[in-house]
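I have placed the structure first, in the form of structure tokens, so that the comments after it can refer back to it.
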Amino acid sequence: MSAIEQIRKNAPVAAMSESTARRPRNRTLLKRTTHLIRRGHLYLGLFLLPWAILYGFTGFLFNHPFSFRGTPNATYRRDALVGTPMENPPSPTELARQVVARLNEQQQPEQPYQLVGEGTYGPRGVAFVTVKYKDLVDQVLSVSFDLAHSAGGIHYEANREPKPVRPAPFAAGPVVSPGRTARGGGGAEGGGRRDGGSSTAGPKAAIKFDDRLEDRLLAAVPVVLERTGFPPADSMVVTAIPNLTFTIDSGGERWNAAYNPLSGGVGGIPEGAEPKTEMGWRRFLTQLHLAHVYPYDLNARWFWSLIVDAMAFTMIFWSLSGLVMWWQIKATRPLGAVILVLSALSTVALGFAMHAVMTS
């Protein structure tokens with residue numbers, strides 16, 4: 001065999017070997033990017049899989065409020081109301097006419113009031129009745145009535161009414177409760193307002209100081225607005241100040257006390273008498289679903305908020321990377337394009353319809 005024939009015989013093998021060696025180095029930028037997207041899609045999905053399942057399941061719980069409850073529950077339709085006064089209640093428009101007629105009868109205006117349009121129940125159009133039982137202290141039975149459809153549901157829930165307790169011997173001014181959900185002072189949840197009806201004299205008068213936190217807040221707001229680029233305020237009012245909680249010893253008995261700087265009210269309950277919040281698995285999961293916003297402290301809630309952001313990013317990434325992966329499969333492009341168009345049209349139509357429902 002001549003030298004030329006030997007070269008020709010070995011040339012294809014050499015060319016193939018060289019091509020195979022160069023192939024990994026000759027990947028295009030698009031292929032590399034697609035590879036990274038696929039890997040990111042896979043690994044992010046694996047890492048956040050538990051949270052995806054959690055969000056899906058808790059979303060189901062919100063959408064089906066009578067599912068997976070640990071206590072008996074039921075739903076009912078119109079036939080359950082046959083023979084009761086709620087079988088044929090007055091329509092919202094009929095009730096509105098009665099209200100307008102009564103206003104004209106009582107006030108007798110020069111130009112009688114007239115109903116314009118129709119009456120509606122809102123925003124959800126659902127009435128609730130709480131049923132109590134003497135032998136059931138910690139729970140009540142909640143019966144809902146959908147007034148528009150003559151249907152509803154029945155389920156047990158925690159009794160959230162504050163239990164009667166002895167008044168604190170040091171109580172002063174408007175009623176203040178040291179509950180954990182306090183937002184201000186005055187009222188069961190501490191809603192403190194300036195018009196709280198505080199007493200002005202005697203040993204039970206509201207506790208007021210010359211140096212008030214209310215005045216400090218009002219003095220600080222204009223400066224904060226200026227430094228953050230907002231226009232100056234025309235008027236200001238402090239609507240709520242959180243309670244100051246502390247412990248008081250009264251005759252050897254300890255009390256969890258609360259003082260609201262806005263109303264000047266002081267109240268308290270005996271130590272250990274504050275009811276504990278019931279936290280079953282269903283309520284725990286739905287509260288997890290609602291938990292959001294980064295706290296100022298680095299704690300478990302902060303890391304949970306971080307996961308919420310990661311889930312938001314991953315869901316967007318899943319959607320966009322799914323589009324990329326779909327486009328790589330040429331056989332699925334035509335049908336996929338039709339599905340995407342139908343999806344966009346239905347999303348826009350349903351979005352406008354839901355906006356009309358929510359704003360009506």
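Odds and ends about this structure:
- Pairing residues of the range 35-46 that are under 22 Å from residue 308 (Cβ atoms) and among the small types (Gly, Ala, Ser) with residues that are at pLDDT 85 or above and in a helix (DSSP H, G or I), at Cβ distances under 8 Å and at least 6 apart in sequence or on separate chains, gives 40/317; 40/321; 45/52; 45/314; 45/318.
- Matching entry among 360, 305, 343, 319 (being in contact with a Ser or Thr (Cβ under 8 Å, 6 or more places away or on another chain) and among the small types (Gly, Ala, Ser)): 360
Okay, residues lined up against (1) surrounded by 11 or more Cβ atoms within 10 Å (Cβ to Cβ); (2) part of a loop (DSSP other than H, G, I, E, B); (3) of a type in the set (Val, Ile, Thr):
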residue	(1), (2), (3)
44	yes, no, no
50	no, no, no
55	yes, no, no
60	yes, no, no
68	yes, yes, no
75	yes, no, yes
79	no, no, no
83	no, yes, no
89	yes, yes, no
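- The set of residues from the range 73-98 being in contact with a Phe, Trp or Tyr (Cβ under 7 Å, 6 or more places away or on another chain) and not β-branched (Val, Ile, Thr) comprises 73, 86, 92.
- Evaluated against (1) among the β-branched types (Val, Ile, Thr); (2) within 30 Å of residue 310 (Cα to Cα); (3) surrounded by 11 or more Cβ atoms within 10 Å (Cβ to Cβ), residue 93 falls short on exactly one condition, (2).
- Hey, residue 286 under 30 Å from residue 65 (Cβ atoms), polar (S, T, N, Q) and surrounded by 12 or more Cβ atoms within 10 Å (Cβ to Cβ) or not: yes
- Test: residue in the range 283-295 that is more than 25 Å from residue 41 (Cα to Cα), part of a helix (DSSP H, G or I), touching a strand residue (DSSP E or B) at 6+ places or on another chain (Cβ under 9 Å) and among the charged types (D, E, K, R): yes
- Of all the listed residues (196, 185, 202, 190), the sole one being farther than 17 Å from residue 268 by Cα, at pLDDT below 85, within 32 Å of the chain's Cα centre (by Cα) and of a type outside the set (S, T, N, Q) is 196.
Conditions (1) more than 30 Å from residue 360 (Cβ to Cβ); (2) in the same structural domain as residue 177 (by TED's automatic domain parsing); (3) surrounded by 12 or more Cβ atoms within 10 Å (Cβ to Cβ), marked per residue:
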{"position": "122", "(1), (2), (3)": "no, no, no"}
{"position": "127", "(1), (2), (3)": "no, no, yes"}
{"position": "134", "(1), (2), (3)": "yes, no, no"}
{"position": "138", "(1), (2), (3)": "yes, no, no"}
{"position": "142", "(1), (2), (3)": "no, no, yes"}
{"position": "156", "(1), (2), (3)": "yes, no, yes"}
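- Scanning the range 296-322 for residues that are under 16 Å from the mean Cα position of the chain (by Cα) and more than 30 Å from residue 34 (Cβ to Cβ) turns up 301, 304, 305.
- Residues that are closer than 25 Å to residue 76 by Cα and assigned to a strand (DSSP E or B), drawn from the range 144-176: 144, 145, 146, 151, 152, 153, 154, 155, 156, 157, 158
Let's see how each residue does on (1) touching a residue at least 24 places away in the same chain (Cβ under 8 Å); (2) under 30 Å from residue 121 (Cα atoms); (3) surrounded by 10 or more Cβ atoms within 10 Å (Cβ to Cβ); (4) not β-branched (Val, Ile, Thr):
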{"site": "294", "(1), (2), (3), (4)": "no, no, yes, yes"}
{"site": "308", "(1), (2), (3), (4)": "no, no, yes, no"}
{"site": "322", "(1), (2), (3), (4)": "yes, no, yes, yes"}
{"site": "333", "(1), (2), (3), (4)": "no, no, yes, yes"}
{"site": "339", "(1), (2), (3), (4)": "no, no, yes, no"}
{"site": "344", "(1), (2), (3), (4)": "no, no, yes, yes"}
{"site": "349", "(1), (2), (3), (4)": "no, yes, yes, yes"}
{"site": "354", "(1), (2), (3), (4)": "no, yes, yes, yes"}
{"site": "357", "(1), (2), (3), (4)": "no, yes, no, no"}
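- Check on residue 251, out of contact with any strand residue (DSSP E or B) (no Cβ under 9 Å at 6 or more places or on another chain), without any contact (Cβ under 8 Å) to a residue 40 or more places away in the chain and more than 24 Å from residue 160 (Cα to Cα): no
- Flag set for residue 111, criterion: out of contact with any Cys (no Cβ under 8 Å at 6 or more places or on another chain) and surrounded by fewer than 10 Cβ atoms within 10 Å (Cβ to Cβ).
- Residue list for the range 247-266, filter: over 24 Å from residue 216 (Cα atoms) and surrounded by 13 or more Cβ atoms within 10 Å (Cβ to Cβ): 248, 250, 254, 255, 256
To keep it simple, each residue is scored yes or no on (1) more than 28 Å from residue 57 (Cβ to Cβ); (2) modelled with pLDDT under 90; (3) not assigned by TED's automatic domain parsing to the domain that holds residue 256.
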{"position": "283", "(1), (2), (3)": "no, yes, yes"}
{"position": "306", "(1), (2), (3)": "no, no, yes"}
{"position": "312", "(1), (2), (3)": "no, yes, yes"}
{"position": "345", "(1), (2), (3)": "yes, no, yes"}
{"position": "354", "(1), (2), (3)": "no, no, yes"}
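The values are calculated or read from the model by the stated rules, or taken from the named source; none is laboratory data. The structure presented is a predicted model; accordingly, all values stated were derived computationally and were not measured. Cβ coordinates were reconstructed from backbone atoms using ideal geometry, including for glycine residues, and neighbour counts include every protein chain displayed.
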